[in-house]
Every structure is written in structure tokens, then in C-alpha cells.
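Participant: Attaching a single structure in C-alpha cells format; questions to follow.
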Amino acid sequence: VLTAVITLEHQVKPVTVRIYTVLDGTPILTRWLEITNTGDKPMPISACYPWSGVLHTSSDLGRDLYSGAETQHYSIGYMAGDGWGQEGGFEWRSIKNTGVRIDGRYRRARHRHPMFVVRDDVNGEHFIGQFAWSGGYVFEFDYDGSSHKKLSESNLFFRVGMAAPAPLRVISPNETVKTPEVLLGMVCADFDTAVQAMHSHLRKSFFMPQPRGRCGWIEAGIGPEYELTPELVHQAISTAAQFGAEVFFIDASWYSDTGTTWGETVGDWDVGNRFPNGLKEFRDHVHKEGMLWGLWMEPERLGDKSRTIKEHPEYLGVGYEQKEHAGEELDGILDLTNPAIARWMEDQICRVIAEHELDFFRLDANFETGIIQWNKRDGYIENNAWRYYEALYGIFDRVRQRFPNLILENCSGGGGRTDVGMVRRFSHTWVTDWQPAPRSFSITNGMTIALPPEYVDRQLIGTGTSNNVAADIDFQARLCLFGRPSIAGILWPLNAKPNPVLLDRISHMVKLHKEFVRPMIDTGRIYHHTPDVTKPDPEGIGVIEMASWDKTRAIAGIFALARFSQRDFRLRFRGLDAGMSYKVTSDNTGSTFKVDGCELMYNGLDIRLGTALTSELILVEKA
């Protein structure tokens, strides 16, 4: 790993900027700034773009082409949806000479993952970027290529920055602040290669090591979609063990009393009266079944009926539109810019982990994560987000150090905080709270563009995400193979007889993940045969492939989406070796046959699907 540092000293203002660029051997560079106030007075930062300038220039092409309306020089791929339940909708659009701007968590909602891919449609290069930042952000692209210019005279400018009401930060004299990182790289290759380059960089040098030395845990849990009782929790634990879960956790409401809503008393992290004997009996049962034990927590917020908000209203941050957040609905956000309040929150997290002997911790954040709060600082109205996330990142860095074997799951009302700055500190992340078919395909498709598949949670049945309202169970189960599976613990009513067919299909998926997928998932390569699937109910056909790095095994999922009419599809594998021979298995029929890699890659397999919301899974391994 090499680090290059350039120091800039302003000739008018008392400020020094050190530009850090890290190279790790992958095509991706990591960039951040360190800004120092060298004066004797506080200095406000009104705007901050850690990376900006010319992304691409065509000056050396030597081509006599003009960039008029008929010539599309650049396209940008990004997550089109920004609202709840719209995660992962990857879309391409043209970059016109009027420019393109993409916002999230400030001028737009929080469920858009902060990444982009720029494609040079003339020359074939792909640029891929991510912003390791959990607050508001903006990506701006300005194509200087009007119709009178030749392509050889055109340039594409860009900048990646933080977005919030100014000032973003007030720096004291002699203080140095660090910006979030921007990850950016270019490949002279196709889209899949660009995505794999980013995944390789994240795995190699950006994400932190996995606790317990592994990933891909099969999770099960139970949450506030049910009125929790000890009997129901014990049934869920037993059910989870039957289908092969490795982690069991109680989601929101373990701290709430019977008859209350889960969000009303967050902040009071003591066991509710619904569990009069405490939680030890559940932990013991989970461990007896050979699983790891965990709990959910939303530590950054105080519910409007919590004891803590009544005793300490001063813990809350102040919003721009009102005196303070009153804790109503999903407000009540702590002011983590206050070190004492941040320490209190960290103490609550560590107490819950230690007191309940957790193996697994699930974080949630059901609020607008752009942090539209402010504090008075040195005569300025400073936005809280920069200091807030410095504090939050520091808290979970220390939690990881204190509890090195603790599995940490990130969530934010689904995928409201999936940026790599947050995810790097966690074992994996929840990516949505709403995944009925065929939406579930576009979520899996898009979020495995944004993140390596072992970091992407995919769910089968339960916890209020509507993934059981459409399609057969295999459609949803097979999507779980391209991420890390979670399965509800409640599959049938209390004391009812199990559905053996349902249990068999879930167990089949779990077995496939453990034995076939997990050995390759954290080093494998993912291929998006149909990357831009964007409609709220995506149409046509969707295909994802995952292959091991050594090309000895692969899986491909073929999914019939809404308005499906293409009955036959020719599947050509991309991640195999043309010189190897393979055993191929159809999961629909169970039939196997041997075939050469060159046949699978160049001629392909004809896959026939009968109707919408059905699927096929093809497994390939070296013969």
C-alpha cells in the first residue's frame, strides 16, 4: 500500500489542506483531505468536496468527431430510487452538456446508496466511485461538450461532496479535521470488471476484518410484527434450529412492555415486562441449539414515551425547523456532537452487549440520517452531521475493539445507511425493509453492485418485509444465495404443525448456501447480466451470476420478472474457464450433466421459464 500526500497552503486565507491518496494495488484509489486552520480565529467550512476536478478528458483522442446531440459521450449509472423500499434500483442515464447532479440524505431521501459508475460510451472506459460518508452528499458532473466542439476538445468535470446547511464545520485555531474518504477508480474494461475492482478494493484494504474470522452467517430472528411472548420466542428458536440457522436474535421490542409499540420506549434499554424472567432463558436455549445469540438496538434515538427522554430532554439534538426534536414518531435523535451524550450512548451499547452476553448485535436507525441538526459554535450555526458521524464511527470502532468476536449488523430502516463508511465497521448490512417479488430481484441486483455480496443481507420470509406476498418460495430463496441470508423464526402459528414442504425448501437453500456458496462468497466475483432493472415492479428477465476466483464453481440465477414474455433465455456464463470441464446441475429438475467450459461460456444453456415470478438456479462445479 502506498500513500501520496500533497500539501496546499492558501495564499490569502490561513488554511492548509493535505490531500491524501492511497493506492493498494487494485484499480481503486482512496482520497481524503486534512484541513488545518493555521490562523488565530475560528474558521467556518461552508462547502467541502474531498475529490473534484476533471474526471476524463478526450484531448488525446485525435478524432474528428463532434459532440452534438446525436453523440452520446458519457452515461452515468446510479441508484435511481431514494425512498424507503426503493433501494438498489440501478439505472443508466446520459450525461448531457447541461450536467447531472445526484443527491442523497439532504436534498433527497436517505435510501439511495452513495455510489456512481461513469461509462465512456465512445472509448469504453468505466469509472466507479463510492463516498464513505453517512450524512448528506452530492455528486455533480459537468460535461463540457457542446455541439460546436470536437470530442477531442471535450472534458467531463466532477465533484463529490458533503451536503448540509452551511457551515458544515467550524474549525478552531490550530485544529485539523479529516474529511470522509472518496473511493474512485477507472478500468479500460466492461461494467462487471469495474464492479469487481471496487469489491476487491473494499475487501482488501477498506473494510475491517470479519469477527470470528468468517462471514455469511445464516440468521433467524423474531420481532415486533408479533406480540412477543416467551412461548413464541422459544418456538422461533426451535424452528430456526430446524432449518439450519446459525444466529438467532430478538429484534425491536425486547425492551418494551406488553401492549406498547416498539418505537415508543427506545432509549430505555432494560428488559420489558413481556419477559418476566429476563432474557437468559432465550440465550441458553439458543446456545443449546448450537446457535449464536443476539439483540437489536436503536441507540441513537429516544422514544417519546421513554423514561430517558423525560429525565434528559437535553440529550436531544436541535432541528432547524423547531426548538428541539420532541421524540414524536421517529424523531428524538441524540446530539452525539456532545461528548458526554456520546459517552452515555456508548455506555448503553456496551452494557447491553455485556449484560446479555451477546454474540451478535443488530444496529438500527429509523430517522433521517442526514442529521439536520445544529449547534451554536463560535458565533456560527454549525450543522451537526460531520461531528455526529465522527462520534458514531468512533463509538463502533471502540465497540469492535472491546468485543472482537461480536458479529455486528448494520440497518437503518432498511437500507438507509449502506454507505461504505458505515458498513466498513460492520460484518454486513441490511439493505431494505420491503422486498416483495419482483422488487426483490432489483434490490439484490443493485445492492450487489454497490457492495460485495457477503455484506448484503437478503431475507426469506417474515419481519414485515412483504417478501412472502408474491412469487414461489424458490424465487425468493434463490436470491438469498447471492448475499447473506436471514429467515424469520416464525413460519407457522404458535403450537401449529410445521409445513414440511416449506421447511424443506428453506433447508435446501440453507444447505446450498453453507456448502456451495459460502466457500466462495467472500472472494468470488459477481456478474450482473441485467444490471439496469429499475421499475418499481421490474419487468422482463433478471440474471445474476457468482463465480469463485479460481473459476472452479459458479451459480447463476435466472428470474422471470413482471410482464414476463421471454420464455427462453440463453445463459452464457462469464466467470468460468473455457479450458475446464464442469458438472452442471439444474436446481429445478435436479438433473446433472457434464459439459466443457467453452460450451457454457460461448454457446450457453437454453433456460426456459414458464411464467412470471418463477426462476431457475444453475450450479456449476469443476468435473
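One line per residue, one yes/no per condition, for (1) surrounded by 18 or more Cβ atoms within 10 Å (Cβ to Cβ); (2) in a strand (DSSP E or B):
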{"residue": "V170", "(1), (2)": "yes, yes"}
{"residue": "M186", "(1), (2)": "yes, yes"}
{"residue": "H199", "(1), (2)": "yes, no"}
{"residue": "G221", "(1), (2)": "yes, yes"}
{"residue": "H234", "(1), (2)": "no, no"}
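Participant: OK, next. From (1) in contact with a strand residue (DSSP E or B) (Cβ under 8 Å, 6 or more places away or on another chain); (2) surrounded by 13 or more Cβ atoms within 10 Å (Cβ to Cβ), pick out the condition that doesn't hold for C598.
Facilitator: Tallying (1) in contact with a strand residue (DSSP E or B) (Cβ under 8 Å, 6 or more places away or on another chain); (2) surrounded by 13 or more Cβ atoms within 10 Å (Cβ to Cβ), C598 fails exactly one: (1).
Participant: Can you tell me how many residues within region 193-246 are of a type in the set (G, A, S), in contact with a helix residue (DSSP H, G or I) (Cβ under 6 Å, 6 or more places away or on another chain) and over 19 Å from D284 (Cα atoms)?
Facilitator: 1
Participant: For the list (1) outside any helix (DSSP H, G or I); (2) crowded, with 23+ Cβ neighbours inside 10 Å, I need the number of the one condition that S442 fails.
Facilitator: Only one criterion is unmet by S442, namely (1).
Participant: Ok, one more. If you check K497, K511, which single one turns out to be part of a helix (DSSP H, G or I), of a type in the set (K, R) and outside the structural domain of Q566 (by TED's automatic domain parsing)?
Facilitator: The conditions single out K511.
Participant: Right, here's the next one. Please go through region 282-301 and give me each residue that is of a type in the set (D, E, K, R) and assigned to a loop (DSSP other than H, G, I, E, B), ordered by number.
Facilitator: Within region 282-301, E289, E298, E300 qualify.
Participant: For the list (1) over 22 Å from D359 (Cβ atoms); (2) outside the structural domain of A109 (by TED's automatic domain parsing); (3) not in a loop (DSSP other than H, G, I, E, B), I need the number of the one condition that G263 fails.
Facilitator: Looking at each condition in turn, G263 falls short on (3).
Participant: Can you name the residue in region 354-375 that is outside any loop (DSSP other than H, G, I, E, B) and not small (G, A, S) and, of all such residues, is modelled with the lowest pLDDT?
Facilitator: Top of the filtered list is Q373.
Participant: Pick out the one residue from T592, T534, T585 that is under 24 Å from the mean Cα position of the chain (by Cα) and hydroxyl-bearing (S, T, Y).
Facilitator: Within the list T592, T534, T585, the selection yields T534.
Participant: Could I ask something else about it? Tell me which of these Y380 doesn't satisfy, since it passes every other one: (1) at pLDDT 95 or above; (2) of a type in the set (S, T, Y); (3) surrounded by fewer than 23 Cβ atoms within 10 Å (Cβ to Cβ); (4) farther than 24 Å from P167 by Cβ.
Facilitator: Result: Y380 fails condition (4) only.
Participant: When the residues of region 552-571 are narrowed to those that are in contact with a strand residue (DSSP E or B) (Cβ under 8 Å, 6 or more places away or on another chain) and not in a strand (DSSP E or B), which ends up farthest from G597 (Cα to Cα)?
Facilitator: Out of the qualifying residues, it is R563.
Participant: What number goes with the only condition from (1) under 20 Å from C215 (Cβ atoms); (2) in contact with a Leu (Cβ under 8 Å, 6 or more places away or on another chain); (3) crowded, with 22+ Cβ neighbours inside 10 Å that R425 does not pass?
Facilitator: (3)
Participant: Would you confirm whether any residue within region 524-531 is crowded, with 18+ Cβ neighbours inside 10 Å, of a type in the set (A, V, I, L, M), touching a helix residue (DSSP H, G or I) at 6+ places or on another chain (Cβ under 9 Å) and in a loop (DSSP other than H, G, I, E, B)?
Facilitator: No - not one qualifying residue is present in region 524-531.
Participant: Only residues that are assigned to a loop (DSSP other than H, G, I, E, B) and more than 29 Å from the chain's Cα centre (by Cα): list them for region 266-281, please.
Facilitator: Listed by number, the residues that qualify are D270, V271, G272, N273, R274, F275, P276, N277, G278, L279.
Participant: Go through region 205-219 and report how many residues are surrounded by fewer than 19 Cβ atoms within 10 Å (Cβ to Cβ) and on the phi > 0 side of the Ramachandran plot.
Facilitator: Here the count works out to 2.
Participant: State which residue is surrounded by the fewest Cβ atoms within 10 Å (Cβ to Cβ) when the search covers only region 75-96 and only residues that are out of contact with any His (no Cβ under 9 Å at 6 or more places or on another chain) and assigned to a loop (DSSP other than H, G, I, E, B).
Facilitator: Per the stated criteria, the residue is K96.
Participant: Moving on to the next point. Could you tell me whether region 392-414 includes any residue that is farther than 28 Å from G294 by Cβ and among the polar types (S, T, N, Q)?
Facilitator: no
Participant: If I go through region 11-31 residue by residue, how many of them are assigned to a loop (DSSP other than H, G, I, E, B) and among the hydroxyl-bearing types (S, T, Y)?
Facilitator: Selection size over region 11-31: 1.
The values are calculated or read from the model by the stated rules, or taken from the named source; none is laboratory data. Keep in mind the model is a prediction, meaning the values are calculated, not measured. As a convention, Cβ positions derive from the backbone with ideal geometry for all residues, glycine included, and neighbour counts pool all protein chains shown.
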